[in-house]
Amino acid sequence: MTALSVNVNKIAWLRNARERSRPSVREAAWTIITAGAQGITVHPRPDQRHIRPDDVHALAQMLAGDHPGIEFNIEGNPAAGPRDNGYPGFDHLIESARPHQATLVPDSDAQLTSDHGWDLSDPAEAARVAEIIARYQGWGARVSLFMDPVEAQIARAKECGADRIELYTGPYADLAERHGLDHPETRACRQTYLDATRCATRLGLGVNAGHDLDLDNLAAFIAIGDIDEVSIGHALIADALDFGLSESVRKYLDTIAVGLERAAASASPG
């Protein structure tokens, strides 16, 4: 089973463009859950360009009260401290919202979007990350590290105490869009992710994936097998302009099912 967690950042981004209450992040999350998604993801950034602290707490309250079986995943850089604009710091958000999963991402305040995984080569940095992981686990969160498909780095994520990794899938999505799914470069890239996934599972890590996965490239990626969860936001919300939000969620769930069928067929002997 590969769970679908929908990132609702772009709902908040559209709302913030007019500084009013529509579209409602809470109502969008309700629609997404009703359509069958297994999780809601937010990535509150210090500049508050989209998801804001009030959204985090409103979603946490709604999910705990009305949808306790739906995973709440908060992404962000744990080094992001309080800001004068009201951002309370990533630590505070995890401690106060108590998400099911905290996904740690090594991005800067100025980044348009996350574009690389953790480099844990420096023992001091690895020790800092390990301390953060233990703290968030103490607050009840499963901790996932946003990682490139590099086996040595994945092994270090395990050493730091992570429960899961989230594979950064931007390079795969770029190749699939540029060359197509069957191009040798795309196939080679997908093999790299397959190898990284097998490495993680051997180490006892769960494997999530996310970034630029869409209806065109998702099934082929899921077919590598052993993907516990995909986090999808931009593409799904963009597709909602054509299909509606509920139908877009269903299309992504159907596409995941196709990928899982392919993975099962590949794993079958003979």
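In the neighborhood of A141, defined by Cβ-to-Cβ distances under 15 Å, what is the net charge if each Lys or Arg adds +1 and each Asp or Glu adds -1?
Numbers: positive: R98, R135, R142, R164; negative: E71, E75, D91, E95, E131, D163, E166, E229.
So the surrounding residues net to -4.
Please identify the longest segment of the chain free of exposed trypsin sites (Lys or Arg not before Pro), where exposed means a DSSP state other than H, G, I, E or B and no more than 10 other Cβ atoms within 10 Å.
Numbers: sites that count: R18, R20.
Result for the longest clean stretch: 21-270.
So what is the calculated 222 nm ellipticity per residue for the chain, using -39500 (n - 2.57) for each DSSP H run with n of 4 or more, over all residues, to the nearest 500 deg cm²/dmol?
The helix-only estimate for the chain comes to -15000 deg cm²/dmol at 222 nm.
Full extension from A265 to L181: what is 0.36 nm times the residue separation minus their Cα-Cα distance, to one decimal in nm?
Details: separation 84, 0.36 × 84 = 30.24 nm, distance 1.85 nm.
Extra length available between A265 and L181 comes to 28.4 nm.
Please find, in a Gaussian network model of the chain (springs between Cα atoms separated by less than 10 Å), the residue of A97, A162, A124 whose mean-square fluctuation is greatest.
Of the options given, A124 has the highest mean-square fluctuation.
Please report the carbon-and-sulfur percent of the accessible area for the chain; probe 1.4 Å, protein heavy atoms only, DNA, RNA and ligands left out.
Details: 6000 of 12080 Å².
Answer for the chain: carbon and sulfur cover 50 percent of the accessible area.
Given a 1.4 angstrom probe, what's the average accessible area per residue across the chain, in square angstrom? Display every interim value, and only then the final one.
Details: 12080 Å² over 270 residues.
With the other protein chains kept in place, the chain gives 45 Å² per residue.
Would you check the accessible area of D182, probe 1.4 Å, heavy atoms only, in square angstrom rounded to 10?
Roughly 110 Å² of D182 is accessible to a 1.4 Å probe.
Would you calculate the separation in nanometres between label points at L253 and A152, each defined as 7 Å from the Cα along the Cα-to-beta-carbon direction?
Between L253 and A152, the simple spin-label model gives 4.3 nm.
Residue farthest toward the positive end of the dipole of the chain, with Cβ of Lys/Arg at +1 and Asp/Glu at -1: which of Q48, A97, A152?
A97
Do you know the relative contact order of the chain, to the nearest whole percent, from alpha carbon pairs under 8 angstrom that are 6+ apart? Spell out each step's value before the answer.
Numbers: 495 pairs, mean separation 50.2, N = 270.
Contact order relative to length: 19 percent.
Looking at the square roots a ≥ b ≥ c of the eigenvalues of the Cα gyration tensor of the chain, which shape do they give, rounded for a/c under 1.5, prolate if a/b is larger than b/c, or oblate? Write down the numbers at each step before the final one.
Values: a/c = 1.62, a/b = 1.14, b/c = 1.42.
It is oblate, given that a/c is not under 1.5 and a/b is not larger than b/c.
Under a plain spin-label model, where a point goes 7 Å from the Cα along Cα-to-Cβ, how far apart in nm are Q137 and N16?
Distance between label points: 3.2 nm.
The values are calculated or read from the model by the stated rules, or taken from the named source; none is laboratory data. In this text the structure is predicted, and so the values were computed from the model without any measurement. Methodologically, a virtual Cβ is constructed for each residue, glycine included, from the backbone with ideal geometry; neighbour enumeration extends over all protein chains shown. The protein model used for the area step is the full one, side chains on, heavy atoms only, and it has no ligands, DNA or RNA in it. Shrake-Rupley method; radii C 1.70, N 1.55, O 1.52, S 1.80 Å.
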